[in-house]
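Structure first, then comments.
Only the coordinates and a few stated rules stand behind these numbers; no lab work does. Keep in mind it's a predicted model, so treat the numbers as computed, not measured. Note: ideal-geometry Cβ built from the backbone for every residue, glycine included; neighbour counts use all protein chains shown.
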Amino acid sequence: MARITLDGIGHAYTSHPRSDADYALKPLHHVWEQGMAYALLGPSGCGKTTLLNIISGLIIPSAGRLLFDDRDVTRLPTEQRNIAQVFQFPVIYDTMTVAENLAFPLRNRKMPKAAIQARVAEVAAMLELTPDLHRRARGLTADAKQKVSLGRGLVRSDVSAVLFDEPLTVIDPALKWELRSKLKAVHRALDLLMIYVTHDQTEALTFADRVVVMNDGRAVQIGTPEELFERPEHTFVGYFIGSPGMNLLPARISGNRAYIGSNEISLGAAYPTLTETTNLQIGIRPDFVTLSSTGGAEVQVRRVDDFGRKRLAHVTLGGLPLVATVPLDMPSVGTAACVNFDASHVLVYQNDIRVEGVAA
Amino acid sequence: MMDKPWNNRAWLFVLPVLALVLFSSIVPMMTVVNYSLQDSMGVNNFFWNGDAWFRDLLDPSTEIGARFADALLRTFAFSAAALAVEVPLGIAIALCLPRRGWAVGISLVIIALPMLIPWNVVGTIWQIFARADIGLFGAALTGIGLPYNVTQDSVSAWVTIVVIDVWHWTPLVILLSYAGLRAIPDAYYQAARIDGASRWAVFVNIELPKLQKVLVIAVLLRFMQTFMIYTEPVVVTGGGPGSATTFLSIDLVKIAIGQVDVGSAAAMSLVYYIIILTACWIFFTIMTQLDRRRDA
């Protein structure tokens, strides 16, 4: 039970980092609150596993301090940190039964036998492993083995945090949903700080209270799933979250109007703080761009994807690609159509960072 | 089916192999079988002797039978002694080797060096090394007052032969174990650290189970080689003192070539062969069973 503070934590795998590019994880300040579920979301190689391993102590960071509550644990070995971690691939002890596997972290900490048994039974029930408790762990399927790994991560009730490193990669899709919701339930029941690394946005957004989106060793945005969707602070978040991602179009801004080529788009706000006019982009989710037969800027339809409940059209606006929602009452899509932007959902970015507007 | 052409060209490729196998294995093997079932008064004059050679050999009350039983026991004892030292020692050294960096290559090469030396050279090296008058090892042991004498004391002779084999072949166990250890993913060690496992618990619960397969191979190879040991005792002790280090292979050569007792020698080599074959089969079965259990 603890609050974990990252105080300028950064890491470079080379021993003498010279420039920013040498850092696999750029120096980062963040406080992980007790009882919350966090997800670290980002593409492969963005530094999320590095960050996780720093928290668990498998990696000693090259810069910064790591605090559990007010205790500095930066250089403390893993064993003394009171952390549980679940890895991407199932790690089980071949020679032991499922029950012995689950009891192993407790036995190593010299817990009384009766307490161990009770706790193992509880965790096994949570993960539906009870019928397999006395089977040898080696003979289990990959799914079940990963459940045993998860169980070993959850079996200690006194941990500061439980860390998950893409734990559902080897699980097949149907079971993935079930295990994820189970983890969520376990989180609610145990009131633990959980940090969950994944590159799958659905997994991150459904599991976590707060999502840390990482790219290229940097935490680009930390927020609730809703914030990430509604107001991406960085174009990367816009592009990475949502499927498909946010439309990003280079534009000129003047007052509360944006201009893409000769097309004028009205914005929900004015941007008087913009002093330079370079590297400006407007961003809008495909959900807030609608196609219609008349009215609005004229576009060329390239392709329409039917997702059953919704249809998305890939169009070009003044030569730029754009994804728009096709209303269900729009029967067929010709080669020419018109597009409308929902002004309140158009965001403005300069140098990939969101610019706050002023209500016009 | 009807118009499938007859094509026997494959025989052209198979027949040379068959001929080779015939002359390299089957004919010599059948010669031994032949000798084991017949008796000879010399000058290619053979007559049928049935299973008499085998009955004598396997009956410890006969002279040849007693000799065979002694040599067999000695050979098993030697294999057991060598394995008992080499396997734990090999694993222990493999655990101490560096896991990464420039030191890996250097240590592996140094460790592998003994294996590159031919048996009789190893024997000769140790024959001189173990001499009480001029050999460093022998003279040193005598110097500190130990009753060490390879040619007169059977304990010294045994210890020396076992030490030679350990020196020569522990590297094989080390290399196999090292390869096995390297194949264990890092996540296992990380998980063990997070689970708070002691070093001993890591060894027993992770490393040893994961090494099981390479260890079966190591034991199999080392058992077969130690069971067939010949050169080192011949060079270092000559099978003595008395017959203390006369192992099966040495006895076999003595009977076949020293005494020209071809029938007994043939029977003996067949029994010897069957023992090794059986051991191999047992090991092979264990290995495939392990595989199947892992898949299950």
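Summary table below
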item	result
Pairs from A:K147/B:K210; A:K110/B:K213; A:K48/A:K113 whose Cα-Cα separation, in the structure shown, is over 28 Å	A:K110/B:K213; A:K48/A:K113
Prolate/oblate/rounded label for the protein assembly as shown (Cα gyration tensor, a/c 1.5)	prolate
Residues B:I250, B:I282, sorted so that the one with the fewest Cβ neighbours within 10 Å comes first	B:I282, B:I250
Degrees between helix A:173-190 axis and first principal axis of chain A (Cα, 0 to 90, nearest 10)	70
Taking A:H314, A:H234, A:H11 and counting other C-beta atoms within 10 Å, the order from fewest to most	A:H314, A:H234, A:H11
Table column - 3J(HN,Hα) (Hz), the range A:303-318, Karplus curve with 6.51, -1.76, 1.60, x for Gly and Pro	7, 10, 9, 9, 9, x, 6, 9, 10, 10, 10, 8, 10, 10, 10, x
Inter-label distance, nm, simple model (7 Å from Cα along the C-beta direction), A:H29/B:I110	5.1
Simple label model, 7 Å out from Cα along Cβ direction - A:D143 to B:D153, nm	6.8
Relative contact order, percent, the range A:247-355 [alpha-carbon distance under 8 Å, six or more residues apart]	31
Reachable aspartates and glutamates, given that their alpha-carbon falls under 15 Å from the alpha-carbon of A:K26 and they are not under 8 places away in the same chain	A:D7, A:D216
Aspartates and glutamates with Cα under 14 Å of A:K310, excluding same-chain neighbours fewer than 8 positions away	A:D287, A:D329
Chain B, helix-only ellipticity at 222 nm - DSSP H runs n ≥ 4, -39,500 (n - 2.57), divided by all residues, nearest 500	-22500 deg cm²/dmol
Span from the the range A:248-277 Cα centroid across to the the range B:174-203 one, whole angstrom	59
Relative contact order of chain A, pairs being alpha-carbon contacts under 8 Å that are 6 or more residues apart, as %	16
Whole-angstrom gap from the range A:1-51 to the range B:38-77, using each part's C-alpha centre	76
Order of A:I92, B:I106, A:I4 - criterion: other Cβ atoms within 10 Å of each residue's Cβ, fewest first	B:I106, A:I4, A:I92
Between 0 and 90°, nearest 10: helix A:142-154 axis offset from chain A longest Cα axis	80
Inverse mean reciprocal Cα-Cα distance (Kirkwood Rh) of the range B:65-295, Å	19.8
Sum of -39500 (n - 2.57) over DSSP H runs of 4+, divided by residues of chain A (222 nm, nearest 500)	-7000 deg cm²/dmol
Relative contact order (%) - the range B:65-295, alpha-carbon pairs under 8 angstrom, separation at least six	28
Rounded if a/c under 1.5, otherwise prolate or oblate - the range A:23-90, Cα gyration tensor axes	rounded
Estimated dipole of the range B:65-295 in Debye, rounded to 20 [Cβ of Lys and Arg +1, of Asp and Glu -1, Cα centre]	660
Exercise: per-residue mean of other protein chain Cβ atoms within 10 Å, A:129-140	1
Chain lengthening between A:D287 and A:Q117 when straightened (0.36 nm per residue, less Cα-Cα)	56.1 nm
DSSP bridge orientation in the protein assembly as shown - percent antiparallel, rounded to nearest 5	80
